[in-house]
Each structure stands twice: as C-alpha cells, then as structure tokens.
Amino acid sequence: MTSSPGTVLVTRKAAVATITLNRPESMNALDTASKEALLDAVRAAAEDPEVRAVVLTGTGRGFCTGQDLKEHVALIAADDPAPLDTVIEHYNPIVTAIATMPKPVIAAVNGMAAGAGASFAFAADFRIAGQSARFLMAFAKIGLSVDSGATWTLPRLIGQARAAELMLLAQPVDAARALALGLVTEVVPDDELAQRAADLAGQLAAGPTLAYAAIKAALRFSTTSDLPAALANEAEHMASTGRSEDHRAAVQAFVDKTPPTFTGR
C-alpha cells in the first residue's frame, strides 16, 4: 500500500509502515502543508491495527532540517501569528503521536537532522543513523528556545549536561559522536540504512506488539512518578498483558519448544 500526498509519502510492506518526508529540495524542511501531512500520517499509523511497526525517514540528503525558515520569515514579515502557533498546532501533536505510538517507531536518520527534525528522531524508540547523519539543535543560532519535546527527550537519552551542551552551543554532532553519546542505536553505511531499518522494523512487527505498547507506556509513566506509583503501574500492565493471547501463546510455545507467534491480542 502506498499513499503519496506530495510532501509526505506513506508505504506499507506487510505490517511495517514507512513514513517518508518528501521535500528533498529543502532537505525536508517543514512547511505548513508538510507538518499537517506528517501529523496525519503518524496518527493514521498509530490507529491502524494492521501496522505493527513504523519507520520514519527522509528523502534525499537530509532526514529533516526542521522548520522551513523561508516560510517562517515570510509569515513574520506579514505579522502572521502562525510562526508561534505552529508549536502548539503542529510540532507538539507530532511529537506526542510519535512518542506515544502503541507500537515501535524507528527513525532512519539519513543526513542532517536539525531542530524539530532532530527532535522527531529523539522521540522515536530507535535511531539508526547512516554514516553521513548529523544532529543539530539549531534553535539558539536563530535566537529561539527549544521545541518539539527535545528538553524532555534529549536529557533522557544523553543526560542533562550533554543535552545542555548540544542546545546551548548549537554545534552539529556527527554519527560517530552520536553513537558514543548514546544518542543513536547504531550507525550503518548510508547505502545500508533503509534495509537495516526495514529489517529491524520487520523483526519488531513480528514481536509481541501488545507487550511493546505496555512497556512504552510504563516507561513514560515512570519518568514522572515515584517508585511506589511505578510499581503499581507495572502491576497493572503485567495483569493486562498476562491475560493476553500473546502471553498464553508464548508460554505454550516455550513448553512446546517452538517459536512463538504473536498477533498483538
């Protein structure tokens, strides 16, 4: 299945949906149309029961360079409130949809991931980087604070001090350093990126997606709770997944010494 609304392409292969930003002439910078299309695509993938894993990537030389500054400048010149409203209307909902997706999300980072584009990758569960990938928290360079959830996601990935360094100095981080910092899951040759992301997505799609959703929800809950609350929340998720068909099938497969088959139920 393929959907092509222009600035965002959505393809389906088996249970994996690949969402591709498609403005290569601007290194996939985000104008209003592309932000709206991306939000629609991410929400549709989250809600589709046939989709069990998602890959987010970009066309051409860049993953995503964040806000389209040409559009941004034009709107500011016209005294249009859209440059400020877009954080609430577009960026926050996109990041929320990625981070709370009840299935695994893989960011396949090709080339530059800057600003909100980098933040989208930080919100994913896995970040596979091509060797030419670079990450840039560019906000300070244009006199702005940080949006798209990076103040929440980045410190949890690499720690408060390193996150402050990346945001305040606004210097690019190449793939090798990103791996050393723990910012990415792995680095692969550029020409192997798409296949590696597809392989991992296929592996995850065949796995216990109901359990994955519960694990992701439990991790989110624990970041803002104390230990007793986290333990109680874990118990609830254990009870619900313990009643699932996936759990019963996996236990039986263990007894039978056969590979389990997961259905997400």
- Selected from 215, 46, 143, residue furthest toward positive end of dipole (the chain; charges at beta carbon): 215
- Which angle from 0 to 90°, rounded to the nearest 10, does the C-alpha axis of helix 245-256 make with the longest principal axis of the chain? 50 degrees
- 14 Å Cα-Cα reach of residue 13 towards aspartates and glutamates, excluding residues that sit fewer than 8 places from it in its own chain: 48, 50, 199
- Query: Relative to a virtual label point 7 Å from the Cα of residue 192 in the Cα→beta-carbon direction, which members of segment 125-139 show backbone nitrogen distances below 11 Å?
  - Reply: 131
- Query: What number, rounded to the nearest 500 deg cm²/dmol, is the helix-based mean residue ellipticity at 222 nm of the chain, given -39500 (n - 2.57) per DSSP H run of at least four residues and division by all its residues?
  - Reply: -14500 deg cm²/dmol
- So how do 220, 134, 162 line up by other beta-carbon neighbours within 10 Å, fewest first? 220, 162, 134
- Message: Which of rounded, prolate or oblate describes segment 90-150 when judged by the alpha-carbon gyration tensor and an a/c cut-off of 1.5?
- Response: oblate
- Message: Nearest 10 degrees is fine. How inclined is helix 227-242 to the longest principal axis of the chain, computing both from alpha carbons?
- Response: 60 degrees
- Message: Can you tell me which of 157, 210, 144 moves the most in a GNM of the chain? Springs connect C-alpha atoms under 10 Å apart.
- Response: 144
- Message: Can you give the local net charge around residue 146? Use residues other than it whose beta-carbon is closer than 15 angstrom to its beta-carbon, Lys and Arg +1, Asp and Glu -1.
- Response: +1
- May I ask you to list the lysines whose Cα is less than 20 Å away from that of residue 70, ignoring any residue fewer than eight positions away on the same chain? 35, 141
- Message: Among DSSP bridges having both ends in segment 2-205, what percentage is antiparallel? Round to the nearest 5.
- Response: 30 percent
- Query: For segment 164-265, what D do you get in µm² per second when you plug the Kirkwood radius from alpha-carbon pairs into Stokes-Einstein at 4 °C and 1.567 mPa s?
  - Reply: 76 µm²/s
- Query: If you line up the long axis of helix 160-169 against the longest principal axis of the chain, both from Cα atoms, how many degrees apart are they, to the nearest 10?
  - Reply: 30 degrees
- Message: Whole percent per 5 Å bin, from 0 to the bin with the longest distance: what is P(r) over all C-alpha pairs of segment 21-71?
- Response: 5, 21, 26, 21, 15, 9, 3, 1
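Read-outs: derived from the displayed coordinates by stated rules, not from any lab. Not measured: the values here are computed from a predicted model. All Cβ positions, glycine included, derive from the backbone under ideal geometry; neighbour counts span all protein chains shown.
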